[in-house]
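Chemist: Okay, here's the structure, questions in a sec.
The numbers here are math on the coordinates, done by the rules we state, and not lab data. Source: prediction; values computed, not measured. Reconstructed Cβ throughout: ideal geometry from the backbone, glycine too, with neighbour counts over all protein chains shown.
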Amino acid sequence: MARVLMKGNEAIGEAAIRAGCRFFFGYPITPQSEVPEYLAKRFPEVDGHFIQAESEVAASNMIYGAACSGTRVLTTSSSPGISLMSEAISYCAGTEVPVVFVNIVRAGPGLGGILPSQGDYWQATRGMGHGDFRILVLAPNCVQEAADLIMLAFDLADKYTNPVMILGDGIIGQMMEPVEFGEMVDPETLPEKPWALTGAKGREPNILTSLFLDPNVLEALNQRLLAKYRQMEAVEKRWETYNISDNMDLAVYAWGTMSRIGKTAIDELKERGIEIGLFRPITLYPYPYEAAGEVASKAKKLISIELSTGQMIDDVRLAAPGREVNFFGRQGGIVPTPEDVRDEFLKLIES
Amino acid sequence: MIETIFSRPESLREVSTHYCPGCTHGITHRLIAEVLDELGLRERTVGVAPVGCAVLAYNYFNCDFAEAAHGRAPAMATGIKRCRPNLIVFTYQGDGDLASIGTAEIFHAANRGEKFTVIFVNNAIYGMTGGQMAPTTMPNQKATTCPFGRDVETAGYPVRVCEVLSKITTPSYIARVTAAVPKEIPRAKDALRKAFQYQAENRCFSLVEFVSTCPTNWGMNPLKACEWAVSDMMPYYPLGEFKTPDDPLPAGLNLIEGDE
Amino acid sequence: MPMIKVHKETCKGCELCIHACPQEILVMSKVLNKKGYFYAMVEDPGRCIGCAMCALTCPDVAIEVGVQGTRYVLYEY
Amino acid sequence: MLTEVVMAGFGGQGLMLIGKLLAEASMDEGKEVCWLPSYGPEMRGGTANCTVVVSDNPVASPVINKPRTLVAMNRPSLEKFGPKVRSGGLVLINSSLIDVNTGRDDVTEVLIAANEEAQKIGNDKAANMVILGAYIGIMEVCTLDSVIKWMEHQFEGKQKIIDLNRKALERGFELGKAAEVKV
């Protein structure tokens, strides 16, 4: 299939269809509304089903129900909406059902603004709802990767019967870039889910719940979930490196859009003989600590650049214990330019 | 030869419930199970349990079941029914779940005309959490969070779910019944039968409200509680059918003709 | 002849059946069942008409009704 | 090859569209492209702009502070983005609506009377196509044929609009070539 020019939000919708998803329950919020708009238009062509819910709370619980029925299902939202969805995300994790959520992050806190931000990093990786659980978090930095990760997200959600979140920002959602989609998955050919609610015909009833009043049973669930998270940590870490060498002046840590701004700054300084490498986690949970630490060991100085006041920096510190980790970021929806970032790098290297 | 004319329905598991003695939840469960049996729906039914006294309902029904977050059963049921339209889906919700925290979800599920069935148990109090005020608590009725009785000046009047939902234009089946009066139980079953039948025919959203009792938190014995439901609740929560899918649409609707 | 059977271990002793019976043939036991409840018992089985009102009102499905021959139907169920 | 352009004007002038056509045509010719709009309240009523990057290599930053080129369709856009164009860059000014210039001597300015030219062809609304044609004529980012192809794709089934836009693109292209600018 040829490359097509598409908005990130639309590519997310199309990729979900390619992954065999035929159900979307959502609620409009800037800057992700193109996803529901795209699917509302596109779904009838593939016998898909779109519902505009009355709220994000309802949308996420519709997803929860849909997942219980064993079908691939998607919802997308942006920061304030994701906070409302955190209820259902926790329930999905506790019930162990596969769902894919997309957060096209906008600046906060509160109603905040509608411009790009990475301020939901902590929420996604640490606090995506009440209780003791983790979700897989995938962070694309271009439209092609957003599409690829959506396809991957559905597979991972099924594999681990766990929520998976795609964490992007307003730029990823609004930007148009060429994208080439993978093969269309026929939902009919997906593996059976014997645990799903399909009617107890010729079998014992299936019960899907996250309520376990017996503390021993609940602890057993917690331990089973933990084992699942350990397995994710063992095999699902993904990352990208750029311009890594053995004796770098600086190692830059960035995810999503910021990694691309960082690359431009790195290229510019390379022309002046300054060696800077970039480490970009693609999975924010599980975070690729070992690989991030190895990059740190080759650099004189470290910096995390983010569209926040510094959230991923915590993970960089965990990856490089004992090292000083510097920070540069803008907030409020302001995206620093490559020149801003370059100057920050220079200042740090020369200090 | 003795013919058994009344025994446990197949759709109800052979287990004892956790409900208090005399709680009409048990009768409501049984009636649903009998209807599922009689209509032959058990093997394609999925129930959605609420948060509230019926939180463990999935342990009692002999069909697939999911547990919803508080108030979200209609949203969850929407997800299940839309993904698998051949299933028979019902939610089982109390007054706090449906008429307080889940008001938006029930209202919009009804308004979208979701083809599932809602069993709404209204006992005018929060049972599971220990007798707090419900949106359906009667004026001057005492509860632990309105120890001097519900003050309508500050808490408003009790919410009448059937009256509100039956004002929605989208065709639906809305009925209020009770299991607190023996002779009303057959009528309650009739309403449930209709509700599930309409769903099986893919006709409309259906909701059956049960005026129910809470002997424990009302502080009455079961019989007294049934009498109180009749004397103090039913004048305000009258029984009957409030809406059927055969009702004419209101005048003034300009329905756009389809191009079929 | 109609016949009702109360499963005494299922009964929670709510007494709703006692008041529902038009023939007033049910009474409460004087001893507790394993759950700790006084349970419903049939005192005068000969007068049962098989109307099943006791079973209908039982929240715990503790009552079974069987009929041999004639029974009286009070409400179509 | 690496070209960045900010296309700016007021909402309704069709800046987003010509940015998209430029990106699609360049993609079609094997280039890496990225199109980033301004979005949000800005979209409603006020100015509208998008940034298009065309490159032989994968596009790094989609956020461009100092573009090499600018297409300004109204005066507020010129005032906002004119000072940001890189030294040695190109500024394309819609002289039908803008009666000033950047006041800079380190950029090349080309004046195109886009609205007037569009009126001559038949409809004022095609001013965006005139200026896109001129931009291609000067910058040679992609061929005119590719742009026409994607314009036809965009307006599939609307032959009148296609004909009008084709003429506008061709006229703009001529004007761009005639400007004889090397950037």
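Chemist: Taking only C-alpha pairs under 8 Å that are 6+ residues apart, what is the relative contact order of the stretch A:48-152 in percent?
Modeler: Relative contact order here is 21 percent.
Chemist: Per residue of the stretch A:202-219, what does 6.51 cos²θ - 1.76 cosθ + 1.60 with θ = phi - 60° give for ³J(HN,Hα)? Whole Hz please, x for Gly and Pro, Karplus curve as stated.
Modeler: Working through the residues one at a time gives x, 8, 5, x, 8, 10, 10, 8, 10, 9, 9, 6, 7, x, 5, 5, 5, 4 Hz.
Chemist: For residue B:236 and residue B:249, calculate 0.36 nm times their separation in residues minus their Cα-Cα distance, and state this gained length in nm to one decimal. Intermediate values should be presented prior to the final figure.
Modeler: Numbers: separation 13, 0.36 × 13 = 4.68 nm, distance 2.64 nm.
Answer, rounded to one decimal: 2.0 nm.
Chemist: Additional query: Report the relative contact order of chain C, percent, no decimals, based on alpha-carbon pairs under 8 angstrom and at least 6 residues apart.
Modeler: Contact order relative to length: 42 percent.
Chemist: Exactly which chymotrypsin sites (Phe, Trp or Tyr not before Pro) in the stretch B:1-102 are in a DSSP loop and have at most 14 other Cβ atoms within 10 Å?
Modeler: Filter output for the stretch B:1-102: empty list.
Chemist: Normalising by the residue count of chain A, find the relative contact order in percent from Cα pairs under 8 Å and 6+ residues apart.
Modeler: Relative contact order here is 18 percent.
Chemist: Just how many pairs of Lys in chain B have C-alpha atoms closer than 14 Å, counting pairs that are eight or more places apart or on different chains?
Modeler: Eligible lysine pairs with Cα atoms under 14 Å apart amount to 4.
Chemist: Then there's this: May I ask you to list the lysines whose Cα is less than 20 Å away from that of residue A:270, ignoring any residue fewer than eight positions away on the same chain?
Modeler: Counting by Cα, and skipping residues close in sequence, residue A:270 has these lysines nearby: A:298, A:300, A:301, A:347, D:66.
Chemist: To the nearest µm²/s, what D does Stokes-Einstein give for chain A at 37 °C and 0.692 mPa s, using the Kirkwood radius over alpha carbon pairs as Rh?
Modeler: After rounding, the answer is 158 µm²/s.
Chemist: Let me ask something else. Taking amide H positions as placed in the peptide plane 1.01 Å from N, state which residues far from residue A:137 in sequence (5 or more) or on other chains have amide H under 5 Å from it.
Modeler: A:165, A:284, A:285
Chemist: Something else now. What per residue convex hull volume, in Å³, comes out for the stretch B:133-190 when only alpha-carbon positions are used? Could you put the intermediate results ahead of the total?
Modeler: Working: hull volume 5.9 nm³, N = 58.
Considering the Cα atoms of the stretch B:133-190, their hull volume per residue is 102 Å³.
Chemist: Output the Cα-based Rg and Dmax of the protein assembly as shown in Å, rounding Rg to one decimal and Dmax to a whole number.
Modeler: 33.6, 115
Chemist: Could you line up B:18, B:29, B:108 from fewest to most neighbouring Cβ atoms inside 10 Å? Mind dumping the intermediate values first?
Modeler: On the way: B:18 14, B:29 27, B:108 19.
Result, fewest neighbours first: B:18, B:108, B:29.
Chemist: For residue A:73, enumerate residues with amide H under 5 Å from its amide H, sequence gap 5+ or separate chain, H modeled in the peptide plane.
Modeler: When sequence neighbours closer than 5 places are left aside, the close amide H contacts are A:100.
Chemist: Mind running the shape call on chain B? Use the C-alpha gyration tensor, a ≥ b ≥ c as the square roots of the eigenvalues: rounded below 1.5 for a/c, prolate if a/b tops b/c, oblate otherwise.
Modeler: Judged from the Cα gyration tensor, chain B comes out oblate (a/c at least 1.5, b/c at or above a/b).
Chemist: Mind listing the lone cysteines of chain C, meaning no other Cys beta-carbon sits under 4.7 Å from theirs?
Modeler: When partners are defined as cysteine Cβ atoms under 4.7 Å apart, chain C leaves C:11, C:14, C:21, C:48, C:51, C:58 without one.
Chemist: Antiparallel versus total DSSP beta bridges in chain A: what percent is that, nearest 5?
Modeler: On the way: 11 of 45 bridges.
Bridges in chain A are about 25 percent antiparallel.
Chemist: For residue D:160, which lysines qualify as cross-link partners when the Cα separation must be under 24 Å and same-chain residues fewer than eight apart are set aside?
Modeler: Counting by Cα, and skipping residues close in sequence, residue D:160 has these lysines nearby: D:20, D:120, D:125, D:149.
Chemist: Okay, moving on. Can you give the translational diffusion coefficient of the stretch C:3-66 in µm²/s, computed by Stokes-Einstein from the Kirkwood radius over Cα pairs at 10 °C and 1.306 mPa s? Could you put the intermediate results ahead of the total?
Modeler: Details: Rh = 11.4 Å.
Translational diffusion coefficient: 139 µm²/s.
Chemist: Still on this structure, I have one more. List the lysines whose alpha-carbon lies under 18 Å from that of residue C:30, not counting same-chain residues fewer than 8 positions away?
Modeler: Straight-line reach from residue C:30, under 18 Å: C:5, C:8, C:12.
Chemist: Tell me, what ³J(HN,Hα) does each residue in the stretch A:179-194 have, in order and in whole Hz, if you take phi through Karplus 6.51 cos²θ - 1.76 cosθ + 1.60 with θ = phi - 60° and put x for Gly and Pro?
Modeler: Using θ = phi - 60°, the values come out as 9, 10, 8, x, 4, 5, 8, 7, x, 5, 8, 5, x, 4, 10, x Hz.
Chemist: Using the number of other C-beta atoms within 10 angstrom as an exposure proxy, rank C:65, C:31, A:73, B:164 with the fewest first.
Modeler: Values: C:65 23, C:31 8, A:73 29, B:164 16.
Starting with the residue having the fewest Cβ neighbours, the order is C:31, B:164, C:65, A:73.
Chemist: Turning to a different aspect of this structure: Output ³J(HN,Hα) for the stretch A:85-91: one whole-Hz value per residue in order, computed from phi by the Karplus curve 6.51 cos²θ - 1.76 cosθ + 1.60 with θ = phi - 60°, and x for Gly and Pro.
Modeler: Once rounded to whole Hz, the list reads 6, 4, 3, 5, 4, 4, 5.
Chemist: Same structure, new question: Please work out the C-alpha center-to-center distance from the stretch B:23-83 to the stretch D:108-142 and express it in whole Å.
Modeler: About 66 Å separates the Cα centre of the stretch B:23-83 from the one of the stretch D:108-142.
Chemist: Would you list A:176, D:151 from fewest to most Cβ contacts within 10 Å?
Modeler: D:151, A:176
Chemist: Count neighbours as other Cβ atoms within 10 Å of each site's Cβ, and list the trypsin sites (Lys or Arg not before Pro) in the stretch D:82-183 that are DSSP loop with at most 10 such neighbours.
Modeler: Loop-located and lightly packed - D:182.
Chemist: Follow-up question, since we're still on this one. Out of the DSSP beta bridges found with both residues in the protein assembly as shown, what percent are antiparallel (nearest 5)? Don't skip to the answer; put the middle values down first.
Modeler: Working: 44 of 120 bridges.
Antiparallel bridges make up about 35 percent of those DSSP assigns within the protein assembly as shown.
Chemist: Given the alpha-carbon gyration tensor of the stretch D:2-179, what are the semi-axes of its equivalent ellipsoid in whole angstrom, ordered largest first, with each equal to the square root of 5 times an eigenvalue?
Modeler: Working: eigenvalues 93, 75, 51 Å².
Working from the Cα gyration tensor, I get semi-axes of 22, 19, 16 Å.
Chemist: Just for the stretch A:240-350, what percent of DSSP beta bridges are antiparallel, to the closest 5? Could the numbers behind the result be given before it?
Modeler: Working: 3 of 17 bridges.
Roughly 20 percent of the DSSP beta bridges within the stretch A:240-350 come out antiparallel.
Chemist: Filter the GluC sites (Glu not before Pro) in the stretch B:1-78 down to the DSSP loop ones having no more than 10 other Cβ atoms within 10 Å, then list what survives.
Modeler: Those that pass, being in a loop and sparsely packed, are B:14.
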